[in-house]
Every structure is written in structure tokens, then in C-alpha cells.
2 protein chains.
Amino acid sequence: MKRSSRLSLALHALVHLHKQPDEAITSSTLAQCLMTNPVVVRRVLGTLREAGLVASTRGHDGGWRLLRPAGEINLRQVYAAMGESLLIRTESDPGDIACGIVRTVNAVMGDFLADAEALLAARLERVSLDDIAREATPNPLHPHHGNHHHG
Amino acid sequence: MKRSSRLSLALHALVHLHKQPDEAITSSTLAQCLMTNPVVVRRVLGTLREAGLVASTRGHDGGWRLLRPAGEINLRQVYAAMGESLLIRTESDPGDIACGIVRTVNAVMGDFLADAEALLAARLERVSLDDIAREATPNPLHPHHGNHHHG
DNA sequence: TTTCATGTAACTTTTATTGTTACATTATTA
DNA sequence: TAATAATGTAACAATAAAAGTTACATGAAA
């Protein structure tokens, strides 16, 4: 795994958990699916656990499970749980703000990004984990071309 | 300069050029204002030049100028010129797409981000360089609190 | 008590960005 | 034409952020 983000790792793991609800999946197994390291999986799923989306059990037959139906988990929750911004940061470092222009650019961009953030969150809320899972195993009636969540 | 992005550097430089329209400003002078290196300034402004927003002249009394009135330059143009995405990339590396779930996650997120990108671009288009420049020298009638471009 | 799993700290590797040096190119001016 | 002052750009170094790895403690079940 090179350029992936924790967000897409999280989504990928959640889909796997959703598709195998009967038994817990270990970090090692997930790591193979996600082509990464068990510790990385624990780090990512650990933050999802703090958000109440998954649970982990230790010891024999331990591993990770979904705590809620996939239809009740939306991407906004996942994205919020990961604490990542979908938007880049444009602020300069603290030493720079002596310049009034820098402050203004930061302020304008900050306002813009805050607006945009809210906008994106509202859109993410409309995509559920189940939406993704359904696309991952296309219904024969709806072949898997790119007719996604638009609208 | 540590965490700044090329986008905010570009905006900062453009405001400076706007505020001093009478003579060209050199990379070195701008570098001092932006607290960075002349070469970095050239790199950033070089891409803005390709987009037709600024011009550079070499030799004696050379430097950088704005090519258009600040009211005709909007943030969408700047952002497009810089070739940067405001959104993070969530795609995994090519080796990962053997997994159908990864492909689906990538596809869904890709669609979402493409939508979001268009949305943000439309909003950026409504902010002009002049808007920023005016805030940087607040009109006494409109003190400089955070009444920015919302709406 | 052995085994298997997570929890987590510490460290290394990798990648992207930024900063820097050096020098060629071009334009102006004395 | 020579000196000067600027950009253009390649090549490299430094930095920071992210991911990968190792090692081991902790907890639960057989």
C-alpha cells in the first residue's frame, strides 16, 4: 500500500467486516485483504472502535466485528471518525502571519474550507456502507457500470 | 515556510502584485514577503504564467506583473492553474485493485470526489483576487471582522 | 498454562514537498 | 561590448508526513 489513505483503508475494512458478519476477522486476515500490515489495521480500526462503529475482542477467536447494520453506517461517520479532512490545508506556518496579506489569505481560505467541509459532510452522509457493499457484489439485474450514487 | 501550500503562496504573491501594479516585483522581493526562496517563487509564478495570469520579464528591472485586473481573476482560475486538488486522494496503489472491494471503494470515492471537486470549483469561482485584496486593507467603513464571502 | 489475539510504543522506511545551490539565458544600461 | 540584473531550470539536500515494521505487554479462551 502506497498512496492509499486511512479513509479508504477504513472503508475497505468495513466492507469486509460487513460481508462476513458471522465471525470476527483478525487484523492479520484483514491486513492481507488490504495489502498492508496488521498494526496498520489495528490503528485504523482502533479509531473506528472509538467512534462506536466496530468492536474488537482479544484472545482466541478474537478479531473485529461491525457493531451496526451497514445501512446505518454512512461515510460521514467514517470520515468523521478518522478525523481526516477531505480538504487540503492551506495555512502557512505561524511565523508567517506577521504579514497582513497572509492573515487575510488564510482567513479567506479558512472560511471557504469550513464551508466546503460542511458541504462535503452533507453529501457523505447520503452514502451508506451498504451502498458500497452492494456495488461490490453487483446484482445481476444491475451490472456494475459506473451508475453510482449521483443525484 | 513549512505547512503552506503552493496555492496559498500563489494567492499571497498575486495580492502583492496587485497592490504594486506600477513596477515589476522580483522573485527575491516576493520571496522575502512570502518568507520563502526565490526559486520557489519562480516555480509557483511560473505555473501562473502558463495560465496567463502573470507575466515575467528578465533582465534589468525585470520581475513579475499581474496580467489582468484583480476583479477578473478568481480563485478557481488560480486553483486550476496550480493543478492542485483541494481534495485528498483516496486511491490505493495499482497493486491493490485486484480486489473487487478496493475497486468499488475507489470507484465510489472517485465519483464522490469528482462531484465535490466541481462543487468546490463553482464556489471558488465566486471569490476574486480583488475580494481578498480589499480585505487585506480594510475599508474604515467595514472593519475587518470575519464577514467574508459567505452566502 | 498455553495459545492466539489485540494494544501500543518505538523505530525505520518511504514519499512528497520544500528549500538550496549552481549556472545558463536574456535583457538592459553604461 | 562589457557589466549588471533579472528569470529559467536542473540537480540535489533537507524536512515533514505517512506508512510500514518490530517487539513486547495485555487479555481471553481452550
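Quick notes
- Here residue B:80 yields copy-to-copy label distances, from shortest upward, of 3.5 nm, the label point defined as 7 Å from Cα along Cα to C-beta.
- With label points set 7 Å from Cα along Cα→Cβ, the inter-copy distances at residue B:117 are 2.3 nm, sorted shortest first.
- Placing a label point 7 Å from the Cα of residue A:55 along the Cα-to-Cβ direction, the distances to the matching points in the other copies come to 7.0 nm, shortest first.
- A cut-off under 12 angstrom between Cβ atoms defines the neighbours of residue A:74, and their net charge, with Lys, Arg +1 and Asp, Glu -1, is 0.
- Placing pseudo-labels 7 Å out from each Cα toward the beta carbon at residue A:6 and residue B:85 gives an inter-label distance of 1.9 nm.
- Neighbours of residue B:55, meaning other residues whose beta-carbon lies under 12 angstrom from its beta-carbon, give a summed charge of +3 when Lys and Arg score +1 and Asp and Glu score -1.
- Size of the B/A contact, given as accessible area buried on both chains, probe 1.4 Å, in Å²: 4700
- A cut-off of 5 Å between modelled amide H atoms, ignoring neighbours fewer than 5 places along the same chain, links residue A:87 with B:88.
- Fraction of accessible area attributable to carbon and sulfur, segment A:1-134 (%, probe 1.4 Å): 49
The values are calculated or read from the model by the stated rules, or taken from the named source; none is laboratory data. All values derive from a computational prediction rather than experimental measurement. Note that we place each Cβ from the backbone using ideal geometry, even for glycine, and neighbour counts take in every protein chain shown. We work out accessible area using only protein heavy atoms, side chains counted, and drop any ligands, DNA or RNA first. Shrake-Rupley method; radii C 1.70, N 1.55, O 1.52, S 1.80 Å.
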